[in-house]
Ligand code: FES
């Protein structure tokens, strides 16, 4: 049975004539819900990550209202619910510590309630992967409404980008090139409207990712949050999710291996964040789609960079939207993508982008004349990263892509903070900065500290980049010759833990290697003397996290969350 005749999942709650059905309907009527809402129409959950502690998502109540209009218009019954929201600029020690927790909230809330389909409202970095991870593990018809980027930052007559210019301003302040007053004035100039970071940081990367995966209506990734078309986009998603329920188009039918490969290729073309890897690996693990770290290099590293956005380029998401948005990139990539991959609107990604027109060739380049011939993420191997590490060449300094230097080692972030600006630090521009204990278990939560700032005395000399290595992540808005996600991490005894001051390290991005030039015998000696740190805590959520989080090359999901449990709940509550 299909369409209107099929018994919906929500009928197990609202379609019953017994005591249990009475309870489900009666308490819903507290909200003024009339009887006809229980007549078998699709019940649509609107999963809202609104929070004043997540400023990037602070317009989501209005977006949820737009989704509701769309759901009602299409004959559905919308029910909005809150889930754990993760505010990137606020949460300590790092939102990544809570991504899996938020995904559990999403998964269990969807499954436990009378929902036939779900609209995920997501914007700030972790709110997209956490909601999608949770939804995958339930596997109902699902559509994502991304919240949209902020308008371009404007400061002293030029455009400034979220995050990217914070790193620049911060270095300028430390080097005395910027006053404290200017630094303060730049705050409001950078964040002047609703929306998420408008560089190609992690939030924009995630918005492009869900569009490339086929989880959003086409063209949505770049629409500014403040643009009325963002609200229109939400309304249309509300329309569409009702039909997706009628068509039984589940998220598992969208998230095929081909969809994941498309997301990798698109990420290279847009100069997306290194954070894509850890989130896409986690999504694939939930979906049961085989995906490995090396797939990102094999499929993505030879793709051209087509989008001229900070931090790899000069424009911002608002410019991307006016230039035509992601459909232009998808059309331009042609058969580099699986153009027949199905999307939430029932059409293929190729069909959705056929009519895309580019209105700004300086913003979106062509395949014939790309901004860089090879973008994407390079995956490194070697004795420093047996299970892999990665670097984003498009954000790095070409001259440092092949480099040998002496290690300056920081045992943890506190050690780094205490010594980086010391005049006594023995460091020069050829040194390799090494930071330990910032991986999934080491921080814990794998913080975005991998793009550690340069020593003050080198900044004063005008040094702009150095090779930096850690088991942490970096913000998608950051840049530099930064090796990240070293796996296994130092906290569990990866060779990163054994690096000592003055060791020679060799990075060869072209050869895809990262090696510590220390003899096997010496490494064995150091390993024998190595002791793990005591656990950060033995209670609460963090204890659960430390016990179950997987390494970066596996997506840092909890081992017990990999896969899905479906939507069935066999027992009543009453
Ligand atoms: Fe929320 Fe950047 S801080 S998207």
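Coordinate-derived values only; no laboratory data. What you see is a predicted model, and the numbers here were worked out from it, not measured in a lab. Neighbour counts are summed over all protein chains in view; Cβ atoms, including those assigned to glycine, are modelled from backbone coordinates with ideal geometry.
For the stretch 166-196, the set of residues classified as surrounded by 15 or more Cβ atoms within 10 Å (Cβ to Cβ), closer than 21 Å to residue 479 by Cβ and within 14 Å of the ligand (Cβ to nearest atom) consists of 166, 167, 190, 191, 196, listed by residue number. Scanning the stretch 488-511 for residues that are farther than 20 Å from residue 401 by Cα and surrounded by 19 or more Cβ atoms within 10 Å (Cβ to Cβ) returns 488, 489, 490, 491, 494, 495, 497, 498, 499.
crowded, with 24+ Cβ neighbours inside 10 Å and within 16 Å of the ligand (Cβ to nearest atom): is that true of residue 49 in this structure? In short, yes. Scanning the stretch 133-152 for residues that are buried (at least 24 other Cβ atoms within 10 Å of the Cβ) and within 16 Å of the ligand (Cβ to nearest atom), we see that the one that is farthest from residue 347 (Cα to Cα) is 150. Counting only residues that are buried (at least 24 other Cβ atoms within 10 Å of the Cβ) and farther than 27 Å from residue 192 by Cβ, the stretch 108-129 holds 6 of them.
Among the numbered criteria (1) within 16 Å of the ligand (Cβ to nearest atom); (2) free of Cβ contacts under 8 Å to residues at least 12 places away in the same chain, which single criterion is violated by residue 229? Going through the list (1) within 16 Å of the ligand (Cβ to nearest atom); (2) free of Cβ contacts under 8 Å to residues at least 12 places away in the same chain, residue 229 breaks only (1). If you filter the stretch 311-328 down to residues that are in contact with a strand residue (DSSP E or B) (Cβ under 9 Å, 6 or more places away or on another chain) and farther than 12 Å from residue 222 by Cα, you find that the one that is surrounded by the fewest Cβ atoms within 10 Å (Cβ to Cβ) is 314. Just need a number here: residues in the stretch 394-405 that are touching a strand residue (DSSP E or B) at 6+ places or on another chain (Cβ under 6 Å) and within 13 Å of residue 467 (Cβ to Cβ). Number satisfying all stated conditions: 5.
Give the stretch 372-407 a look and list any residue that's within 25 Å of the chain's Cα centre (by Cα) and either over 27 Å from residue 292 (Cα atoms) or part of a strand (DSSP E or B) (or both), or say none. Those that are within 25 Å of the chain's Cα centre (by Cα) and either over 27 Å from residue 292 (Cα atoms) or part of a strand (DSSP E or B) (or both): 372, 378, 379, 380, 381, 385, 386, 387, 388, 389, 390, 391. Filter the stretch 153-165 for residues that are buried (at least 20 other Cβ atoms within 10 Å of the Cβ) and under 29 Å from residue 421 (Cα atoms) and give the result. Once the filter is applied, which keeps residues that are buried (at least 20 other Cβ atoms within 10 Å of the Cβ) and under 29 Å from residue 421 (Cα atoms), the stretch 153-165 yields 160, 161, 162, 163, 164, 165.
In the stretch 79-86, the count of residues that are in contact (Cβ under 8 Å) with a residue 60 or more places away in the chain, under 19 Å from residue 196 (Cα atoms), within 16 Å of the ligand (Cβ to nearest atom) and surrounded by fewer than 22 Cβ atoms within 10 Å (Cβ to Cβ) is zero. When each of 223, 241, 264 is tested for being buried (at least 24 other Cβ atoms within 10 Å of the Cβ), outside any helix (DSSP H, G or I) and on the phi < 0 side of the Ramachandran plot, the lone residue that passes is 223. Every test in (1) closer than 24 Å to residue 285 by Cα; (2) surrounded by fewer than 24 Cβ atoms within 10 Å (Cβ to Cβ) is passed by residue 485 save one, and that test is (2). From the residues in the stretch 197-220 that are in a loop (DSSP other than H, G, I, E, B) and within 13 Å of the ligand (Cβ to nearest atom), which one is surrounded by the fewest Cβ atoms within 10 Å (Cβ to Cβ)? Of everything passing the filter in the stretch 197-220, 201 is surrounded by the fewest Cβ atoms within 10 Å (Cβ to Cβ).
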